[in-house]
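Contents: one structure, followed by commentary.
What follows is calculated from the coordinates using simple rules that are stated; it is not laboratory data. As the structure is a computational prediction, the values presented were derived from the model and not from experiment. As a convention, Cβ positions derive from the backbone with ideal geometry for all residues, glycine included, and neighbour counts pool all protein chains shown.
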Amino acid sequence: MAIERGLSPTINQQGEKHMKKKLLATALTTLMAVTPVFAETLKMSHVRPQDATIDVELRSFAASVAEATDGAVEIQLFPASALGDYTAVQERISVGALDMATQPAAAAADRRMQISSFPYLAETWAQAQKIYGPGGAVREVMNGLYAEQDITVLAAYPVYFGGIALNVENANPASTEPNGIKVRVPGVKAFQLEGEALGYIPSPIPFSEAFTAVQTGVVDGVIGSGAEGYYASFRDVTKTYIPANTHFEVWYMIISNESLAALSDEDQAVLKEQAAAFEATRWTVAEADQTRNEQRLVDDLGTTVAKLTAEDLAAMSAKVRAEVWPVVLEDVGTEWGQKILDQVAAAAE
């Protein structure tokens, strides 16, 4: 009996240890069944404030990716250029220091990227989709230019046709004669020349300083955005809006090749599939979104929206194409750029 009493605790302890190991193994198996072994978090920057249209749509996209990958891929959004100006963000994505962004192309990284914002390149939404949508001439070129920076384009995001926002009145908004009105333009030659061709005095100012420049009277307005952008970022200094169709604004959803390669083949395929669906949906709502934002300027801010006829827009386009295109072509490479313009013209026929 003494021997049995001496052995019993040892046997019981071994049994308990075995049972604990079995329970732990079961718990780990169950946990692995419901939780990805490796969850990848991708940081994505974008340029608009929280709850702006793009922010809402990207949140929906992120949710779709998380669901489609069973939580293996999570996208964390950073609105309002919280991770830096879009030029700096593109540079960081290029070297793998940041994962993703949905934003304009940074021509500072490669002057040829100006082709994406060529003034009056598209004049209708149908033309724009042919040019910037999947398989379009500009889209294919941009895919290649980004690839040279170790960046993959996942989707294009059509935003709007651009216009002119002023903190002053313009008595003759359809005129392209010099009007003495000074406007902020992006630091891109195409916008600077376009501002001059449309009769304004262009002043290149970083986007982060643009609102203050208008508010303090350094400039009288802004060229380079559209109704949505002016409502989101310049609502307190937009008394007049001129829907001059200055350019077609398209942003690109981009990802560092390093970040993309870190995902499994299956998750890469899912991410690309969800991005394609995201873009396809955007093309169906973008035009109505532009109209809605132009009306918001009127209803919410009391902005005067100029009425331009088809003839007015045609005259603006003709002047800009004649005066601006040849100069910008020299900047991006005449032979290279002209081939793209020829492809765009053929697609528009």
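Run lengths n ≥ 4 of DSSP H only: what is the helix-derived mean residue ellipticity at 222 nm for the chain, with -39500 (n - 2.57) per run over all residues, to the nearest 500?
-16500 deg cm²/dmol
How much of the DSSP bridge set in the chain is antiparallel, in percent, rounded to the nearest 5?
The answer is about 55 percent antiparallel.
Given a Förster radius of 22 Å and the C-beta distance between Asp300 and Gln215 as r, what FRET efficiency does 1/(1 + (r/R0)^6) yield to the nearest 0.05?
Once rounded, the FRET efficiency stands at 0.75.
If you rank Glu91, Glu209, Glu279 by fewest surrounding Cβ atoms within 10 Å, what's the result? Provide the component values of the computation, followed by the final result.
Working: Glu91 17, Glu209 11, Glu279 20.
If I rank by nearby Cβ atoms, fewest first, I get Glu209, Glu91, Glu279.
What does a probe at Thr41 reach in region 56-84, counting residues whose amide N is under 12 Å from the point 7 Å along Cα→Cβ?
Under cut-off, by backbone N: 74-77.
Over 31 Å between Cα atoms: which of Lys43/Lys239; Lys182/Lys307; Lys130/Lys239; Lys189/Lys307; Lys239/Lys319 fall into that group?
Beyond 31 Å between Cα atoms: Lys43/Lys239; Lys130/Lys239.
Express in whole angstrom the spacing between the alpha-carbon centres of region 171-223 and region 297-346.
About 15 Å separates the Cα centre of region 171-223 from the one of region 297-346.
What translational D, rounded to a whole number of µm²/s, comes out for region 65-196 from Stokes-Einstein when the hydrodynamic radius is the Kirkwood one over Cα pairs, at 25 °C and 0.890 mPa s?
Reported coefficient: 142 µm²/s.
Among Ser175, Gly71, Phe234, whose Cα lies farthest out toward the positive end of the dipole of the chain, if unit charges sit on the beta carbon of Lys, Arg (+1) and Asp, Glu (-1)?
My answer, from the dipole projection, is Gly71.
With Cβ to Cβ distances under 13 Å as the rule, what net charge do the other residues near Leu98 carry (K, R +1; D, E -1)? Mind dumping the intermediate values first?
Working: positive: Lys43, Arg92; negative: Asp85, Glu91, Asp99, Asp150, Glu258.
Local charge sum for Leu98: -3.
May I ask you to order 94-102, 288-296 by the average number of other C-beta atoms within 10 Å around their residues, highest value first?
94-102, 288-296
Can you give the FRET efficiency to the nearest 0.05 for Ser175 and Arg235, using r as the Cβ-Cβ distance and R₀ = 25 Å? Provide the component values of the computation, followed by the final result.
Numbers: r = 26 Å, r/R0 = 1.04.
Efficiency at R0 = 25 Å is approximately 0.45.
Can you give the net charge of the other residues whose Cβ lies under 15 Å from the Cβ of Val250, counting K and R as +1 and D and E as -1? Can you show the working numbers first?
Values: positive: Arg48, Lys130, Arg139, Arg282; negative: Glu57, Glu123, Glu140, Glu228, Glu249, Glu279, Glu287, Asp289.
That sum, taken over residues with Cβ under 15 Å, equals -4.
With 10 angstrom as the radius, rank Glu287, Glu228 by how many other C-beta atoms surround their C-beta, starting from the fewest.
Listing Glu287, Glu228 from fewest to most nearby Cβ atoms yields Glu287, Glu228.
Out of every Cα-Cα pair in region 169-303, what percent are more than 25 Å apart?
40
Hey, quick one: spin label on Ala276, modelled 7 Å out along Cα-Cβ, who in region 140-161 has an amide N within reach, i.e. under 17 Å?
Counting backbone N atoms under 17 Å from the label point, the list is 140, 143, 152-157.
Test of understanding: ordering Val183, Val285 by Cβ neighbours within 10 Å, fewest first, what list do you get?
Numbers: Val183 25, Val285 13.
Ascending Cβ contact count within 10 Å gives the list Val285, Val183.
Simple spin-label model, 7 Å along Cα-to-Cβ: Ala261 to Gln343 in nm?
So the label points at Ala261 and Gln343 sit 2.6 nm apart.
Could you tell me the relative contact order of the chain? Use alpha-carbon pairs under 8 Å, at least six residues apart, and round to a whole percent.
It comes to 21 percent, rounded to a whole number.
In a Gaussian network model over the chain where Cα atoms closer than 10 Å are linked, find which of Gly144, Gly226, Gly162 has the largest mean-square fluctuation.
Gly144
Would you work out the Kirkwood radius for region 106-154? I mean one over the mean of 1/r across all pairs of different Cα atoms, in Å.
11.2
Stokes-Einstein at 10 °C, 1.306 mPa s, Kirkwood radius from Cα pairs: D for the chain in µm² s⁻¹?
Rounded to a whole number, D works out at 71 µm²/s.
Relative contact order for region 179-238: what percent, with Cα pairs under 8 Å and sequence separation of 6 or more?
Relative contact order for region 179-238 comes out at 37 percent.
Net charge near Gly163, counting Lys/Arg +1 and Asp/Glu -1 over other residues with Cβ under 11 Å of its Cβ? Let's see the in-between values first.
Numbers: positive: none; negative: Glu228, Glu249, Glu294.
Residues near Gly163 contribute -3 overall.
Return a whole-number percent for the relative contact order of region 209-338, with Cα pairs under 8 Å and 6 or more residues apart as the contact set.
32
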